[in-house]
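Read through the structure below, which is laid out as structure tokens, and then see the notes.
The values are calculated or read from the model by the stated rules, or taken from the named source; none is laboratory data. Since this is a predicted model, take the numbers as computed values, not measurements. So basically every Cβ, Gly included, is an ideal-geometry build from the backbone, and we count neighbours across all protein chains shown.
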Amino acid sequence: MTVKKRNFLTVVWDFFCSLKLTIITLILLAVTSIIGTIIPQTANPQENLQRFGETKFKIFQALDFFDMYHSWWFLGLLALVSLNLIACSIKRLPRVMKTVREPKLIPDETHYRSLSNRVEYTSSLPVPELREKVARLLGKEFATPVVNEEGERVHFFAQKTPWARFGVYVTHLSILIIFAGAMIGNGFGYKAYVNIVEGDSTDVVWPRGGEKPIDLGFTVLCEDFRVDYWPDRRPKDYYSDLVVLENGQEVMRKTIEVNHPLTYKGITFYQSSFGPAGDPTFELKVTERRTGEEQTLSVRQGQPSRLPGGARLRVVGFTDNFQGLGGAARVEIIPESGKRRVLTVLNNYPEFDVRRGGDYILSLVDLDQKQYTGLQVAKDPGVWVVWVGCTLLVIGCMVAFFVSHRRIWVTIMPLKGKSAIVVGGAAHRNQPGFEIYFEELKKQFDEEINPRA
């Protein structure tokens, strides 16, 4: 016995068509996805070094675990899965096409014996009359049949939803489209961040883990920033009034908050964080107790200012909520001679300092603390491709799992002055459901070919 040797191309083709390859690549994709979830992607190298230590950091960096979805091996894994899907589809598609386009129209005894759903009848009606009854019954209860004659025998074939066999290939195509969208996003998109101070603008953003800024091609202005607080002074929500400018002209504006971003020319700005920008400016009302002379000062934190009588004043600190009494500033009074004093001035209680005593009465009139808005910036030109793939995936799965290609064969033949009828059926999905349907069809046949008085 001789064994036929396979050439190199055949070996390669069988490798890409292998079910084992499918299982292995899917397991690898699942494992790498877990790695990408556990290890922060495109984080600051210093943060990763502190989090994992020097040894693990070097190993993970060599394996591209910190930017896994852009690594050559992950893209290569996606390409391998794609080739496996394409090869499997090409190998099996011709057989499915033949089943749909060239169905078996004239079944023989062997074909009927291969069907799990079949039944045989004997009728006293002649073949021509049965032919009309069977054609009418199939057209009414199932689908319009194709009729063929073979000598004295008459064969019927009817089918429904033959396109259901292509649901799995729509699913395969959708996965390839999703992979293509992911690769487009990885190759031509980015994730970045930017901090914009109230009243300032920028036309660049900084990529995660990158050193060079990315030019937006337009300007984003933060016109205003606001924060809502809970009663315990925890941030409840925060908003940024953003304006998009091109050539100095406003082209778009939107107030963004968490989960309500701004998108322009495929670039999306998400509200991410906020914080104080620079030293705050305080407006203080100072009254010299001895003379009653009043003076309003506008000072920055840490900046000394001259008071009536020769003393100096300096704001050394500020808090949004001092012991539940609201905003307060820590103010240092430095007299020309004598001991310096540090006072707490409350914004909500301007007359509180009158009772304190001392040479000066202080009240906090206003505070101007500029904030910056922290924005996450994302550009993903492949996102619409992914959405198309996801839509096709849902359609393909629904067709593949919930719609079946159903076929009915009927043969009528003369038998010793009577007529014999053989009925068989098959479905490539949902066999239990088709069995129930076939039982109902058998009752219809019995009533049609053997009418009772």
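Touching a Gly at 6+ places or on another chain (Cβ under 6 Å) and outside the structural domain of residue 225 (by TED's automatic domain parsing), is that true of residue 321?
Spelling it out, it is not the case that residue 321 is touching a Gly at 6+ places or on another chain (Cβ under 6 Å) and outside the structural domain of residue 225 (by TED's automatic domain parsing).
Could you check the range 345-361 and list, in sequence order, the residues that are touching a Pro at 6+ places or on another chain (Cβ under 9 Å) and closer than 20 Å to residue 298 by Cβ?
Matches in the range 345-361: 360 only.
Could you list, in sequence order, the residues of the range 413-433 that are hydrophobic (A, V, I, L, M, F, W, C) and in contact with a Lys or Arg (Cβ under 6 Å, 6 or more places away or on another chain)?
413, 426, 427
Based on what the data block shows, is residue 149 over 47 Å from the mean Cα position of the chain (by Cα), over 15 Å from residue 448 (Cα atoms) and free of Cβ contacts under 8 Å to residues at least 24 places away in the same chain?
yes
Could you list, in sequence order, all residues of the range 241-290 that are at positive phi, modelled with pLDDT of 85 or more and more than 31 Å from the chain's Cα centre (by Cα)?
247, 248
What are the residues in the range 35-65 that are within 18 Å of residue 207 (Cβ to Cβ), surrounded by 14 or more Cβ atoms within 10 Å (Cβ to Cβ) and in contact with a Pro (Cβ under 9 Å, 6 or more places away or on another chain), if any?
42, 48, 61
Cβ-Cβ below 6 Å, separation at least six or inter-chain, first residue in the range 311-333 and without any contact (Cβ under 8 Å) to a residue 12 or more places away in the chain, second part of a strand (DSSP E or B) and surrounded by 14 or more Cβ atoms within 10 Å (Cβ to Cβ): which pairs?
From the range 311-333, the pairs are 319/328.
Which one of these does residue 263 not meet: (1) in a strand (DSSP E or B); (2) of a type outside the set (D, E, K, R); (3) touching a residue at least 12 places away in the same chain (Cβ under 8 Å)?
The number of the failed condition is (3).
Yes or no: residue 147 in the same structural domain as residue 427 (by TED's automatic domain parsing), at pLDDT 90 or above and in contact with a Phe, Trp or Tyr (Cβ under 7 Å, 6 or more places away or on another chain)?
Spelling it out, residue 147 is indeed in the same structural domain as residue 427 (by TED's automatic domain parsing), at pLDDT 90 or above and in contact with a Phe, Trp or Tyr (Cβ under 7 Å, 6 or more places away or on another chain).
Within the range 7-64, track down each residue that is assigned to a loop (DSSP other than H, G, I, E, B) and of a type outside the set (A, V, I, L, M).
7, 17, 18, 40, 41, 42, 44, 64
I'm checking my understanding of the structure. Among residues of the range 23-34 that are surrounded by 15 or more Cβ atoms within 10 Å (Cβ to Cβ) and among the β-branched types (Val, Ile, Thr), which one is farthest from residue 83 (Cα to Cα)?
Per the criteria, the residue is 32.
Being part of a helix (DSSP H, G or I), in contact with a helix residue (DSSP H, G or I) (Cβ under 9 Å, 6 or more places away or on another chain) and either modelled with pLDDT under 90 or surrounded by fewer than 16 Cβ atoms within 10 Å (Cβ to Cβ) (or both) is the filter here; which residues of the range 422-446 pass it?
Hits for the range 422-446 are 440, 444, 445.
Tell me, yes or no, whether the range 408-421 has at least one residue that is surrounded by fewer than 20 Cβ atoms within 10 Å (Cβ to Cβ) and under 50 Å from the mean Cα position of the chain (by Cα).
The answer is no; no qualifying residue exists.
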